[in-house]
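The values are calculated or read from the model by the stated rules, or taken from the named source; none is laboratory data. For clarity, every value in this text was computed on a predicted model and none was experimentally measured. All Cβ positions, glycine included, derive from the backbone under ideal geometry; neighbour counts span all protein chains shown.
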C-alpha cells in the first residue's frame, strides 16, 4: 500500500509577501507547474467530520487519488495512481475504482458509493530544497477565490517547525493560522452554499 506520513508547516502570505519570497529564492515564472485538485466528500460531509480529505491530483498528465486521514498531529496519506478513464469516471459518474484508497474508506465506514465530486482547486506551484526539507510556493484559485501560501515539508517535526518559524521571522512575515487547502475550499463552498 502506498502510504506516507505528511509533516508540513504552512502559512498564508499576501501577494506582496509571495512576490518578495519568490524573488529572494530566485524563482521565476517558468519554475511554476500547474496542478488541479478535484475534491470529493459525501453529501453530508462524512470525510470532513473525520478530519479527512479525498482528492484526485491531476499533474503533468498523471492522476493520483489521495486520501488524507489524521495520524496524531500529522496526516497519513494513502495514494493510488489512476488512469485518465478512472479519474473521469470518478469525477463525472461517481464510479469509485478498486484499490488501497477504497479499502481505507471501507475501514473508516465511509460509503464510497455516495462520494461526490464537489469542486476543483487549481494551484500553480514551485518547489525548492531548503535545509533538509522542501519549500513550496503555491498560488491557488478556487470558487472565485485566490490565495498565496508558503509550505515547508519535512521528515522531522521539531527541527522543521523551528526552521519554518525562523524563515518567516527572517522575512518579516507574521505567522498566520492557516487551514489546509481542502479546508479553505470547504469553508468557501459552505459560505457560497449559504448565500
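Entry remark, segment 168-192: residues being part of a helix (DSSP H, G or I) and either under 19 Å from the mean Cα position of the chain (by Cα) or free of Cβ contacts under 8 Å to residues at least 24 places away in the same chain (or both) number 13 in total.
Within segment 131-167, the residues that satisfy the criterion of being assigned to a strand (DSSP E or B), more than 19 Å from residue 58 (Cα to Cα), in contact (Cβ under 8 Å) with a residue 40 or more places away in the chain and touching a strand residue (DSSP E or B) at 6+ places or on another chain (Cβ under 8 Å) are 135, 147, 148, 149, 150, 151, 152, 153, 154. Among the residues of this structure, residue 59 counts as one that is surrounded by 12 or more Cβ atoms within 10 Å (Cβ to Cβ) and modelled with pLDDT of 95 or more. The residues of segment 9-20 that are touching a residue at least 60 places away in the same chain (Cβ under 8 Å) and farther than 23 Å from residue 157 by Cα, listed by number, are 14, 15, 17, 18, 20. Scan segment 148-188 for residues that are under 25 Å from residue 38 (Cα atoms) and surrounded by fewer than 19 Cβ atoms within 10 Å (Cβ to Cβ) and jot them down. Selection gives 153, 177, 178, 179, 180, 183, 187, 188. Any residue at all in segment 45-56 that's more than 14 Å from the chain's Cα centre (by Cα), touching a residue at least 12 places away in the same chain (Cβ under 8 Å) and part of a strand (DSSP E or B)? Looking for residues that are more than 14 Å from the chain's Cα centre (by Cα), touching a residue at least 12 places away in the same chain (Cβ under 8 Å) and part of a strand (DSSP E or B), one finds none in segment 45-56, hence no.
Residues that are touching a residue at least 60 places away in the same chain (Cβ under 8 Å) and over 19 Å from the mean Cα position of the chain (by Cα) within segment 32-44 comprise just one, 43. Just checking, does segment 19-37 include any residue being farther than 30 Å from residue 169 by Cα, in contact with a strand residue (DSSP E or B) (Cβ under 6 Å, 6 or more places away or on another chain) and surrounded by 19 or more Cβ atoms within 10 Å (Cβ to Cβ)? Yes, segment 19-37 has at least one match.
Looking at segment 108-118, is at least one residue assigned to a helix (DSSP H, G or I) and either at positive phi or out of contact with any helix residue (DSSP H, G or I) (no Cβ under 9 Å at 6 or more places or on another chain) (or both)? Spell out how you get there, then give the answer.
First pass over segment 108-118, keeping only residues assigned to a helix (DSSP H, G or I): 112-114.
Retained after the next criterion (residues that are either at positive phi or out of contact with any helix residue (DSSP H, G or I) (no Cβ under 9 Å at 6 or more places or on another chain) (or both)): 113.
Checked segment 108-118: at least one residue is assigned to a helix (DSSP H, G or I) and either at positive phi or out of contact with any helix residue (DSSP H, G or I) (no Cβ under 9 Å at 6 or more places or on another chain) (or both).
When segment 72-92 is filtered for residues that are part of a strand (DSSP E or B) and surrounded by fewer than 19 Cβ atoms within 10 Å (Cβ to Cβ), the ones remaining, listed by number, are 74, 76, 77, 79, 81.
Out of 69, 42, which single residue is surrounded by 15 or more Cβ atoms within 10 Å (Cβ to Cβ) and closer than 20 Å to residue 142 by Cα? Show your work before the answer.
Values: 69 fails: closer than 20 Å to residue 142 by Cα.
It is 42.
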